[in-house]
Structures are given as C-alpha cells and as structure tokens.
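**Q** So that we are looking at the same thing, I have put the structure below in structure tokens.
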Amino acid sequence: VTVLRPAAALAAGDDYFLAQSNYDRWLPDDAADPRRTAAELTLRRLGAGEGATQLGLMAVASEYPVHNPHTAYTALMSAATGELHAFVREASCPLDVDATVVPEGRYCR
C-alpha cells in the first residue's frame, strides 16, 4: 500500500504523483522499457499545477515512450469525481526519437 500525502503536506522536492508501469515501483525501470521514468520526468517538469490536471495527465500519457506503437488505449480516471475517460490510441512514433524525454529505440528505430 502506498499512501500519498496531500499536496499541502509535501516537502520541497517531494513528488506529488505516483507513476506505475508494468514493473515494481521500488525497482528501476527495465533498461529496454523506460516508460515509468519518462512519465516521472514529464510529471516533474509539468509540476503539480499542470501535471495533476486531466490535460496534464493526457500529455504525460501521450509522451513517447509512454505512448508507443503498442499502446492500445489510455484511460484517465479520478477517484475523487468518479470520472473515467478512455481513448483508443493509434500507433505513432515521434519525428525525432532522440529529442524525447527518455530516448528509447525499441519501437521506432
């Protein structure tokens, strides 16, 4: 169980989010699958003001390699409001893979 503290209780430098992929959070990402690392970097860059919005979360979920040619759908959910937004995704690769948050060539090279 992971307990998230309210934003007001976070110390400087603490993360306001919990990013999850197919791997245990307490272990580093698999070198061949850095989706969680890419999501965390993007969320930190956006900050809580933008990253904790539905638009910010969609931006994170659309960042390569979080979104990659094997992404079938993306779901944004809110426990507070009960909202669920699901999107069927199309396969895509960035124009410049090396300019992404975490360069990863498994899918698009």
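**Q** Would it be correct to say that GLY47 is in contact with a Leu (Cβ under 6 Å, 6 or more places away or on another chain) and not polar (S, T, N, Q)?
**A** So GLY47 fails the test.
**Q** More than 21 Å from CYS93 (Cα to Cα), modelled with pLDDT of 90 or more, in a helix (DSSP H, G or I) and acidic (Asp, Glu), is that true of GLU40?
**A** Spelling it out, it is not the case that GLU40 is more than 21 Å from CYS93 (Cα to Cα), modelled with pLDDT of 90 or more, in a helix (DSSP H, G or I) and acidic (Asp, Glu).
**Q** How many residues does the range 47-78 hold that are among the hydrophobic types (A, V, I, L, M, F, W, C), assigned to a strand (DSSP E or B) and open to solvent by less than 20 Å² (accessible area, probe 1.4 Å)?
**A** So the answer is 1.
**Q** A follow-up question, please. Given the criterion of a type in the set (Ser, Thr, Tyr) and touching a His at 6+ places or on another chain (Cβ under 9 Å), identify the matching residue among THR81, THR53, THR74.
**A** THR74
**Q** Would you be able to tell me the number of residues in the range 83-109 that are at pLDDT 90 or above and either among the hydrophobic types (A, V, I, L, M, F, W, C) or out of contact with any strand residue (DSSP E or B) (no Cβ under 9 Å at 6 or more places or on another chain) (or both)?
**A** Qualifying residue count, the range 83-109: 4.
The values are calculated or read from the model by the stated rules, or taken from the named source; none is laboratory data. Please read all numbers here as calculations on a predicted model, not as lab measurements. Quick reminder, even Gly has a Cβ in these numbers, built from the backbone with ideal geometry, and neighbours come from all protein chains shown. Side chains included, ligands, DNA and RNA excluded: accessible areas come from the protein's heavy atoms. Shrake-Rupley method; radii C 1.70, N 1.55, O 1.52, S 1.80 Å.
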